[in-house]
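Notes follow the structure.
Each reported figure results from applying straightforward, stated rules to the coordinates on display, with no laboratory input. Just so it is clear, the model here is predicted, and its values are computed rather than measured. Cβ sites come from the backbone with ideal geometry, for glycine too, and all protein chains shown count toward neighbours.
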Amino acid sequence: MKLRWLKTLIAVVIFVGLVVYINSTRPSEQVTQKENEVVWNLKMTEVMGIEIYGDNRKVILEKRGKDDQKEWWLVVPTEKEANQKRVEELLSSLTWIAPQRSLPEEAGKLEKFGLKEPAWKVKMKLPKGEERILLIGKQSPIGDPETAPFYSTTGRGDKVYLISSYLVEKIKKADEEYLTEVTKEAGEDKGEKKES
């Protein structure tokens, strides 16, 4: 009886030792989720411009006009009035970004996550020359490629976040055609009719 108990104890000790060894030698990509953690939280009304760089293109939007009469304009690649509804939808997604998870600072170098030379860069222009920058790197290899989050950072230190693929898709979609297309809703808002 004692021998059987001793064999079971030895097997448990070996198993626990093996688990500890495997976890200590595995590359660290431990994730933490702090309650109510945000990448940033901006007021939509304070954003004066949006710049998006990536996929060999640059899109720059800015607010023009007087006080409460300001409207969004596409400035680069060409200058024209933007579809206000679509810019507001993009802006809504960009002003409050909550990460799915954050990686501890010791998780590794930015290069590991594709953030040393990011695939996408978003600049939010604020009053008094302030700006917020979001750098977007590689997609996480964990999960479905359609929904797996992307690594990102704000450029203010080495903190790395996992942000939603939905947000990244909104950023990728924000090109000249999408942001200036006259839709039925946009035309009705301005009292215009969509051209056939």
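Per-structure values
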read-out: Bins of 5 Å, starting at 0 and running to the largest distance - Cα pair percent for the stretch 40-190; value: 2, 9, 18, 21, 19, 14, 9, 5, 2, 1, 0
read-out: Order of L74, L3 - criterion: other Cβ atoms within 10 Å of each residue's Cβ, fewest first; value: L3, L74
read-out: Positive-end residue, the stretch 40-190 charge dipole about Cα centroid, Cβ charges, pick of Y161, W73, V87; value: Y161
read-out: Test item: Cα-centred dipole of the stretch 40-190, Lys/Arg +1 and Asp/Glu -1 on Cβ, debye; value: 420 debye
read-out: The stretch 50-64 - phi-based ³J(HN,Hα) in whole Hz, Karplus 6.51/-1.76/1.60, Gly and Pro as x; value: 9, 10, 10, 10, x, 6, 6, 9, 9, 10, 10, 10, 9, 8, 10
read-out: Under Karplus coefficients 6.51, -1.76 and 1.60, residue-wise ³J(HN,Hα) of the stretch 77-92 in Hz, glycine/proline x; value: x, 10, 9, 6, 5, 8, 6, 4, 5, 5, 5, 5, 5, 4, 4, 4
